[in-house]
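Below is one structure, written out as C-alpha cells, with a few remarks after it.
The values are calculated or read from the model by the stated rules, or taken from the named source; none is laboratory data. Quick caveat: nothing in here was measured; it's all calculated off a predicted structure. We place every Cβ from the backbone using ideal geometry, glycine too, and count neighbours over all the protein chains shown.
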Amino acid sequence: MSSYISEMEPWEKVKITAVVKKKEKFTNYRYGKLFILECSDKTGDVMVKYWGKDDEQTERLYESLKEGDVVEITGEYRVEGDTKRPYISVNPPEDYIIKVEHYDASQFVPKSDRIDDVMREIIEIVESVKNPYLSTLLSKFFGDEDFVENFKITPGSAYSVYAYMGGLAEHTLNVTKACRYMAKLYSLDVDLLTTIGLLHDIGKVETYLVDTTIQTKDRGKFLGHTVIGYNIVEEKIKEIPDFPSDLRDKLLHAIISHHSPIVDNVPQRIRTREAYVLFFVNMLDLSLKEFTQEGGDEEWIYSRRMGREIYLG
C-alpha cells in the first residue's frame, strides 16, 4: 500500500495519512450521502470521495472534520479517463476516514535530506571563530542543544524558497560560506562576517511554527524576523562581560539592516561594509535557489522576488 500521495498507482488500494485542506460537496447519491475532501501531504494533493451508506453516520463524520485535521484514509485510487481528475474512493465499511491525533509533521512539510551534514559543517565553522567574544556568543546558540534542535527543523520561509524543515540551516550555511569568502577577498574581519552570516536570520527560529503547514506566528507577523533576531542576539550579548561596544553595534547593525535596500520602512539602512556583504550574499543565495525549484513541465516560472519570469532549464 502507498504511504504518500505521489506513490499511489491507479486502481490500487491505498492507506495514507493526509491533512484536510478543504471540505467540499455534501450531497445525496443513489445509496446514501456523498462528501468530498481536498487532502494533501508533502508530496502532493488528492481529492477524496466518501460514499456513505449510513446517512446519520456520514453526516456525523462530515461535521466532525475541519480544515487542518490530519486523517488516515483507506480506499481505492481511481483514474477514470483523460479529462477526469484522479481521486481516492472511500466505500465504508471496508474503507474509512478517521482523524489522527499523533503524527509526524515531516509527513506534510518537506524536510531537508542533508540536515545532519549541514549542521556538521555549521558547527565546524562555529568552532573556527577565534575572536573570544564572538566565539562565546555563537556558543550560546550552537552550543545549546534545545536551540540546535529547533534550528534544525526551522524553515527558511513560509513559502517559496527554503520553505521546508531545515531550510533555515541550509540558507544559513550558504550565506556564511559566502560571507567568509568575501571577507578574505576584500580583507574584512572574517570572524565578524562569519558571525553575521550565522546569526542574520536567527529570528526565524521564533517566527515560524511547523505543523501540517508552515505558519507564521503572531509575533513574527507583528515584528518580523529581523527585529526578533536583533532582540535575541542583543540579549545574548548582554550576558557576555565586557563585550566590545563597537563589535556589538556592527553585528546588530548588519542583522537589522540586511533587507534594507529592498524593503520599505526598515529599522535601519546599510551603513557598513559588512552589512553590504551580508545583504548581497543573502540576496544571491535566495535568488539562485529560485532557479532550482521544481517547475513541473514548465521551463519558465514567475519569480515574485525578481519581478520577472526566470528560466529553469
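Points to keep in mind about this one:
- Top-ranked residue of the stretch 211-227 - restricted to ones that are surrounded by fewer than 20 Cβ atoms within 10 Å (Cβ to Cβ) and in contact (Cβ under 8 Å) with a residue 60 or more places away in the chain, ranked as farthest from Phe147 (Cα to Cα): Thr213
- Selection count, the stretch 40-97, where residues are within 29 Å of the chain's Cα centre (by Cα), farther than 25 Å from Ile214 by Cα and among the charged types (D, E, K, R): 1
- Selected residue (only one of Gly167, Gly156 is modelled with pLDDT of 95 or more, touching a Pro at 6+ places or on another chain (Cβ under 6 Å) and surrounded by 20 or more Cβ atoms within 10 Å (Cβ to Cβ)): Gly167
- Any hit, the stretch 254-277, residues being in contact with a Phe, Trp or Tyr (Cβ under 9 Å, 6 or more places away or on another chain), surrounded by fewer than 15 Cβ atoms within 10 Å (Cβ to Cβ), modelled with pLDDT of 80 or more and over 30 Å from Ala18 (Cα atoms): no
- A single member of Tyr162, Tyr208, Tyr230 is in contact with a His (Cβ under 7 Å, 6 or more places away or on another chain) and either surrounded by 21 or more Cβ atoms within 10 Å (Cβ to Cβ) or under 27 Å from Val109 (Cβ atoms) (or both), and it is Tyr162.
- Residue count for the stretch 228-241, restricted to those that are of a type outside the set (Val, Ile, Thr), under 22 Å from Asp189 (Cα atoms) and in contact (Cβ under 8 Å) with a residue 40 or more places away in the chain: 1
- Checklist (1) in contact (Cβ under 8 Å) with a residue 12 or more places away in the chain; (2) over 30 Å from Ser40 (Cβ atoms) applied to Arg304, failing item: (2)
- Within the stretch 48-99, restricting attention to residues that are free of Cβ contacts under 8 Å to residues at least 40 places away in the same chain and aliphatic (A, V, I, L, M), the residue that is surrounded by the most Cβ atoms within 10 Å (Cβ to Cβ) is Leu61.
- Residues of the stretch 230-245 satisfying the condition of being assigned to a helix (DSSP H, G or I) and in contact with a Leu (Cβ under 7 Å, 6 or more places away or on another chain): Tyr230, Val233, Glu234, Lys236, Ile237
- Flag: Asp201 matches the condition of being of a type in the set (D, E, K, R), in contact (Cβ under 8 Å) with a residue 12 or more places away in the chain and closer than 17 Å to Tyr276 by Cα.
- Some residue of the stretch 179-202 being among the polar types (S, T, N, Q), closer than 20 Å to Lys42 by Cα and assigned by TED's automatic domain parsing to the domain that holds Arg120: no
- Filtered residues of the stretch 1-47 (kept if exposed (fewer than 13 other Cβ atoms within 10 Å of the Cβ) and of a type outside the set (D, E, K, R)): Met1, Ser6, Pro10, Trp11, Thr27, Asn28, Tyr29, Tyr31
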